[in-house]
Each structure stands twice: as C-alpha cells, then as structure tokens.
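These notes concern the structure reproduced below.
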Amino acid sequence: MEKLRMGLIGVGGIAISRHLPSFLALKDHVEITAVCDVNQERAETVANEHAIPFHTTQYEEVFQHVDAVTICTPNKFHAEISIAALNAGIHVLCEKPMAMSSAECEEMIEAANKADKILMIAYHYRYTKEARAAKRFIDEGEIGRPLVSRAQAIRRRKVPGWGVFTNKDLQGGGSLIDFGCHFLDLSLHLMEFPEIAEVSGATYNELSRQLDVVNQWGSFDPSTFEVEDHATAFIKFKDGATLLFETSWAANLADDQETVSVSGTNGGLDVFPLKLYQAKYGMLLDQSAYWISDDENPSLPQAANFIESCRGRQKPLVKPEEALIVSKIIEAIYESSETGKAISFT
C-alpha cells in the first residue's frame, strides 16, 4: 500500500515539536508532502529543512497534494480549515480544542459524516501509557463504577508568553481552552463520557493582570490580558457521578500539578503516576505501575492511530463526538462564570 500523503497546516511550535517528528518517525507509512503557514518564510524554511516538496501560504492549495492534513493553527481557524479539507475529501487531524464553539464542532462532524472521512482531535494525553493502562483497569472492572473524578492541570506562573495563547479573538480563552481541555477530555474518557446534568464554573485572571507579574514562560502585557489564567468547575452527571476540575497557567502553588484520579465503587486510581487502590481480602491494597520501557512519546501512537484510521485498519481513539462534549463543557464553564449560575444540560 502506498504511503499516506500528509500535509501540515500551521507549522509553529506544536507542529514542529510534536506532529512533524512523529510523522517522520513513521516514514514507512506516511510522507509529508506539503506544508502551509501564513508566514511564508516559516513555511519555506520547514519545507527546505525536511525536503517537503510543496509549501504555500494558502491552505486550500495543500489539498491537491495530500490525502490527510494535520491542522495546527490558532483555534479560530480550526473549524474553517477542517470543514474545507473534509469537503475536499481529505482526512483531518485537528489540534485541540476542536473549535471555538460547540456549534462549530457540530458543523465539523456534519462535514466529516457527509464526506465519509476521518476527523480526529489531538487530545494526546489519552495516548500516554498511564492513561491507556488506567482505561484498561476501569474497563476490566478493577475500580467498579466510577463515582468521582478529580482533574488538575495546574502550572505555577507559566503563562505562555509567545504565540497567540493570550489572544482571546484567536484562541477563545486561556488556560481552560488551551491546557485544561486535555484533562477534561481524559477524565471524561476514563468515565466513559457519562451524560452531563449540570456544570458550575468560575474563571479568574487577576494574577496575570498585576503590573509586577512574575512569569516563567516569557513576557506578555498585563494591561491587555483578557483571557482566564485560572478556572475551576464542578460537573454533575445524570448517573450521579461528579467531576472536580481545576486548571491554571498561574497558580500560587509550590509546584505544577498534572493529575487525574477516579474513585469507584470497588477501588480507585491515580493516572500520573499510575497507582491502583483497592480494598480486598480484608486489606487496603495500593499498587504502583512498573514500566518496562519509559521512553514512549504519546504523539507517536496518536500519529499511528490517525494513519491507520485513514487506512481503515483502526478506529480513532478520540472521536469527534467526544471532543464536542468537551467543548460543550468548556462553554458551560465560561457561561457559568459569567452569569454566576449553574448551567443545566437537562
């Protein structure tokens, strides 16, 4: 079978550090045949450095040279470019979040269904070895029915001071839509995406608007900081389960925290690092995972899953309908914070 022809649309940091190396590592199965960026010099440089035969500043021109595209643009353009690619008969791997709104997500799903092409969203935390093992524990009944999940995606004073991360018009928000979305997705994935009943949320940006702001990841203008640097939420599901969620770019804590835990009727687990807790045989049992290999980059199995899904040999681990639910929760958190009321899904 011929190699899948891949195009990269947007060749900034996430494309260069995550997606391009993964596809290059899978060169027996995929070939990068086109790159696009609004910055012509950047597109040309990436094409020259990696012997990619075609580069352009117009994403529509990529479609003539590829079977699939990976979209790494600012969030504002995810839906527009994904829908155009799908309408052209091109498979799509789109960076997270899926889009700026749930309405845009639904339009993307409609386009994918109409074109009968793969639409996958790059929630790569699902592909970590810890997350895959945790999902297997839950699927095999090790913790029983999930009751309470806790997710923390917290950085200490690390607002991204580069790119467009703090541009609300281009990104739609801050730490929640950029960083926290990964941990919302992973928590929901482990809980089997139960139906949402209600979402209560609050967002903050006081720390990053201080004139003497301390930040470890570059500089930004506090006077124009419009997005949230911190968000919290309490999510209730129709089956009675709950999710406690917190994310931040700029928390006043001792250390960064990236944690997901799930407590169930028969046991519980932490994902990072992976630990399983159970009450059996009259004892409390705590089991830590021991990894034979510790060098797996989650971007590699993500890329492989996308390639094989385009070939019809696998199913995408991240379904667009699930990414839509993540976006609906993000919208509800923002709305709840703005109105001061819980958002009902019933």
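Legend: calculated FRET efficiency, Asp116 to Arg209, from the Cβ-Cβ distance at R0 = 41 Å, rounded to 0.05, equals 0.30. State the answer as a single residue: which of Ala47, Cys94, His29 lies farthest towards the positive end of the charge dipole of the stretch 4-122, with beta carbon charges of +1 for Lys and Arg and -1 for Asp and Glu, about the Cα centre. Highest projection toward the positive end goes to His29.
Extension gain, Ala342-Ala279: 0.36 nm per intervening residue step, less the Cα-Cα distance, totals 19.1 nm. Between the residues His182, Ile9, Ala68, the greatest Cα displacement towards the positive end of the dipole of the chain, with unit charges on the Cβ of Lys, Arg, Asp and Glu, is found for His182.
Dipole magnitude for the stretch 4-122: about 260 debye, using +1 per Lys or Arg Cβ and -1 per Asp or Glu Cβ, origin at the Cα centre.
Counting each pair of different Cα atoms once, what's the Kirkwood radius of the chain in Å, rounded to one decimal? Kindly include the intermediate steps, with their values, before the conclusion.
On the way: mean 1/r = 0.0475 Å⁻¹.
This gives a value of 21.0 Å.
Projecting the Cα atoms of Ser248, Trp291, Gly173 onto the charge dipole of the chain, computed from C-beta unit charges around the Cα centre, puts Trp291 farthest toward the positive end. For the stretch 137-246, the Stokes-Einstein estimate of translational diffusion at 10 °C and a viscosity of 1.306 mPa s comes to 103 µm²/s, using the Kirkwood hydrodynamic radius over alpha-carbon pairs. Rounded to the nearest 20 debye, the dipole size of the chain about its Cα centre is 760 debye, using +1 on the Cβ of Lys and Arg and -1 on the Cβ of Asp and Glu. With R₀ set to 22 Å, the beta-carbon distance separating Thr259 from Glu321 gives a calculated FRET efficiency near 0.25. Taking every C-alpha pair closer than 8 Å and separated by at least 6 residues, the mean separation divided by the residue count of the chain gives a relative contact order of 19 percent.
Structure shown: which of Lys135/Lys280; Lys114/Lys238; Lys114/Lys328 lie over 29 Å apart, alpha-carbon to alpha-carbon?
Working: Lys135/Lys280 20 Å; Lys114/Lys238 31 Å; Lys114/Lys328 22 Å.
Beyond 29 Å between Cα atoms: Lys114/Lys238.
Given C-alpha coordinates of the stretch 4-122, what is the ratio Rg to Rh with the Kirkwood estimate of Rh? Intermediate values should be presented prior to the final figure.
Numbers: Rg = 13.1 Å, Rh = 13.9 Å.
Rounded to two decimals, Rg over Rh is 0.94.
If you run the Gaussian network model on the chain, springs between alpha carbon atoms under 10 Å, then out of Asn87, Asn167, Asn48 the most flexible one is Asn48.
Since every read-out is calculated from the coordinates, none of them should be taken as a lab result. The model shown is predicted, which means the values in this text are computed figures rather than measured ones. All Cβ positions, even for glycine, are placed from backbone atoms using ideal geometry, and neighbour counts span all protein chains on display.
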